[in-house]
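Each remark here refers to the structure printed beneath this line.
Every number here is computed from the coordinates shown, using simple stated rules; none is lab data. Keep in mind it's a predicted model, so treat the numbers as computed, not measured. Note: ideal-geometry Cβ built from the backbone for every residue, glycine included; neighbour counts use all protein chains shown.
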Amino acid sequence: MKRTHSHNQGDRFVQRPYLQAVIVTFAFILTACGSAMVDTSIQAAPKPTATTHITPTPTPTPLTPTPSPTPQVAIESGDWPAYLMDDEKDGFSQDETTINSITASSLNLFWTYHAKGGISTQPVVVNKTIYWGSWDGLEHATDLSGKEIWATNLGKSTNIECDPSTVGVASTATIAPMAIGGTKTLVDFVGGGDGNFYALNAFNGKVVWKTFLGTPPDHFIWSSPALYNGSIYIGMSSFGDCPAIQGQLVQLDMVSGNIQNVFNVVPNGCAGGSIWSSPTIDSEAGEIFVTTGNASACSTTEIYAVAVIELHASNLEVAGSWQVPANQQDIDSDFGSTPTLFTATIKGVQRPMVGAINKNGIYYAFQRGAISNGPLWSQQISSADGNNAPSAWDGKTLYVAGGNTTIHGHFCEGSLRALNPGNGAFIWEQCFGDGRIFAAVTVAPGIVAVGARRFFRVIDSSSGKQLFAFEDTNKDTYFYGAATIAHGVIYVGNNDGNLYAFGLFAKLKQRTQ
């Protein structure tokens, strides 16, 4: 994965300006480490009025605040506990009722929190707390009014030959309950910027355990974890193909952090096949789906590079795979997009499906359990270059973002389209002449949320009409992190280090009383 654009979270890096470097956050080719060990030591719209705008100043490193005497440990309806919501990675907030196609036009900026590093992670919301990482190396816990509860330093990786040259936490956390010392506690599972994967006490940020997965800066965790049946699954990548390393998917025990299984994308001694996207899980079938990065020099053919792969969750053995044909690849045609699970009726039969967009601009849709047979359909979303945004699924429609394309005769630097899940046909198309979409698409009933360069937008899911737009004052910024829609508020971060909270004033009044 060369640096050419952005990452999931990414694109590969080809020496470019910092701005695109950030883009690379979602477009980096992540490849993984060698041996892993457990650390046993432990169209712009009017700008909204930003009334009640708060800019809290973070405390240096409040790592060990006193937890609440009676902390809640349940994941509640309306929470957003993981990257793209759940194991299916559908990006759908199905319980959201406050923000919809009628109310979205009344959104306002509640508050802004400014971190000391860029933000490419997706905020996760559990137990009235927002968890998110930043490129200064901190994993944060913030309350619903934008005040920091704790921040734990998980390290940074630096390579001056890469662009960006320094990145801290780029992995989005998964929050889940786990017993610690016999007490059920919420835990923040997240990849650090120092080559370690961490389990943190979600109430105070203390390290429960950490497992070393690869030596920085060569190895880096762009991927976000998936949790299934007591195991954590995380992809490993290079920092930015400078140099490339052996891509891996690692399975860890959620309680101890011990490594249970490792899937090597390419043979030992070879480089390539990075997993800088995130694993997607079909919990009913017990199967995992991953997309992989570019191949590299190897004495044998790297059949699992630039591919969609289905693995058994129990042991990470391959159940099926499909590699992008050579005639559809370009110089940097790997996958940086996390797979999306959905269903479709094809020839009168309802089929379990999985889909992802490749950097070549083609969205590929497969039947789960039959990946090796190739895609049931594919759709050209945009020209090659800069296509890394994971799609979203609301139970009836796929929403897919892309880079350069033409819609109704107009050039679009970015685009958003609603697709028929059965054949990929466009239902509606939205052209963005002012910026690509690099972060994942997210949805709630009636709305779609995307960031296009310095604009954050909310779109009507049935018509494609823009309902709301916010323009960052810095014309060089990008929204690299996916938006989270939870309990009547939308949270989204950008590469300037700004975490924004948008909502309705009536809701804000309720939340502060």
Worksheet item: Taking the highest mean first, how do the peptides 292-298, 158-164, 267-273, 386-392 order by number of other beta carbon atoms within 10 angstrom per residue?
Response: 386-392, 292-298, 267-273, 158-164
Discussion item. As an exercise, use a Förster radius of 41 Å and the Cβ-Cβ distance of Asp476 and Val349 to find the FRET efficiency, rounded to the nearest 0.05.
Written reply: 0.25
Fill in: Cross-link pairs Lys116/Lys210; Lys89/Lys347; Lys347/Lys465; Lys210/Lys396; Lys210/Lys475; Lys116/Lys465 - those with Cα-Cα distance over 29 Å
Lys347/Lys465; Lys210/Lys396; Lys210/Lys475; Lys116/Lys465
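Can you sort His408, His487, His219 so the residue with the fewest Cβ neighbours within 10 Å comes first? Working shown, then result.
Numbers: His408 7, His487 21, His219 24.
Least crowded to most crowded, the residues run His408, His487, His219.
Counting other beta carbons within 10 Å of each residue's own, what order do Lys89, Lys210, Lys184 fall into, fewest first?
Values: Lys89 30, Lys210 21, Lys184 12.
Neighbour counts put them in this order, fewest first: Lys184, Lys210, Lys89.
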Worksheet entry | Rg/Rh for the stretch 148-286, where both radii come from Cα atoms and Rh is the Kirkwood radius | 0.98
Worksheet entry | Kirkwood hydrodynamic radius of the stretch 437-499, Cα pairs, Å | 11.7 Å
Response to the item:
With N residues in the stretch 270-364, Rg(alpha-carbon) / (2.2 N^0.38 Å) equals 1.11
Worksheet entry | Ascending count of other beta-carbon atoms within 10 Å, so fewest first, for Glu139, Glu429 | Glu429, Glu139
